[in-house]
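Data block below; observations after.
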Amino acid sequence: MLDYEINKQTLAIISCGKEKSKIIEEDDEFYVNLPATKIIDNSCKFFGSSYEGRLNGTKSILGVSHKAPIIIEESNGIIFFPTTSPRLENCAWVALNNINDYYKIGIDTIIKFNCGKKIKLEVSYGIVDNQVLRATRLESLLLKRIENYKKN
């Protein structure tokens, strides 16, 4: 597959080298011949922004610029967070709103999604926990801004 847009069923995008990513959806798994950051950028553009624009938005809202969560599409609450620096080949992007639970297994972390699927990430529980907290904070602050905007 040569292209992909993130949607509400997208659970994770896992880098598989410089030019390939594994897409995990609720009912499907497949590969796309694009790096994960390009899929993120294309999806942001599909919804009217860009990865760089969304990154600047996150920095403005949270004050975070490294391993920053990204709002792909705000009206459906599609927020993804990276497990490492997005520049690294082993970076995975995970959909915040599809997570049911996550837990430590050895030095790795298992993420369980609402649909029952699980993925094992070669990253510590502490890193995943921090990224989930950042993404949740971003979501909360965004919702507050939207509520305040609607009131005025």
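The values are calculated or read from the model by the stated rules, or taken from the named source; none is laboratory data. The structure displayed is predicted, hence computed values, not measured ones. A quick note on method: Cβ atoms are made from the backbone with ideal geometry, for glycine too, and the neighbour counts reach across all protein chains shown. Surface areas here come from the heavy atoms of the whole protein model, side chains and all, with no ligands, DNA or RNA. Shrake-Rupley method; radii C 1.70, N 1.55, O 1.52, S 1.80 Å.
Here's the yes/no breakdown for (1) assigned to a strand (DSSP E or B); (2) surrounded by fewer than 20 Cβ atoms within 10 Å (Cβ to Cβ):
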{"position": "Y4", "(1), (2)": "no, no"}
{"position": "K8", "(1), (2)": "no, yes"}
{"position": "I13", "(1), (2)": "yes, no"}
{"position": "K18", "(1), (2)": "no, yes"}
{"position": "K22", "(1), (2)": "yes, yes"}
{"position": "D27", "(1), (2)": "no, yes"}
{"position": "Y31", "(1), (2)": "yes, yes"}
{"position": "I39", "(1), (2)": "no, no"}
{"position": "S43", "(1), (2)": "no, no"}
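Can you tell me which residues in the stretch 127-152 are among the basic types (K, R), more than 30 Å from I107 (Cα to Cα) and either in contact with a helix residue (DSSP H, G or I) (Cβ under 7 Å, 6 or more places away or on another chain) or without any contact (Cβ under 8 Å) to a residue 40 or more places away in the chain (or both)?
Once the filter is applied, which keeps residues that are among the basic types (K, R), more than 30 Å from I107 (Cα to Cα) and either in contact with a helix residue (DSSP H, G or I) (Cβ under 7 Å, 6 or more places away or on another chain) or without any contact (Cβ under 8 Å) to a residue 40 or more places away in the chain (or both), the stretch 127-152 yields K144, K150, K151.
Yes/no matrix, rows are residues, columns are (1) β-branched (V, I, T); (2) open to solvent by 20 Å² or more (accessible area, probe 1.4 Å); (3) touching a strand residue (DSSP E or B) at 6+ places or on another chain (Cβ under 9 Å):
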site	(1), (2), (3)
Y51	no, yes, yes
G57	no, yes, yes
I71	yes, no, yes
F81	no, no, yes
N97	no, yes, yes
D101	no, yes, yes
I111	yes, no, yes
G116	no, yes, yes
I119	yes, no, yes
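If you go through the stretch 39-87 one residue at a time, how many are modelled with pLDDT under 90, of a type in the set (G, A, S) and over 19 Å from L133 (Cβ atoms)?
Residues in the stretch 39-87 being modelled with pLDDT under 90, of a type in the set (G, A, S) and over 19 Å from L133 (Cβ atoms): 1 in total.
Give me the pairs: first residue in the stretch 21-34 and on the phi < 0 side of the Ramachandran plot and in contact (Cβ under 8 Å) with a residue 40 or more places away in the chain, second residue open to solvent by less than 70 Å² (accessible area, probe 1.4 Å) and assigned to a strand (DSSP E or B), beta-carbon distance under 6 Å, and six or more apart or on different chains, which are they?
Cβ pairs passing all conditions: I24/L11; I24/A12.
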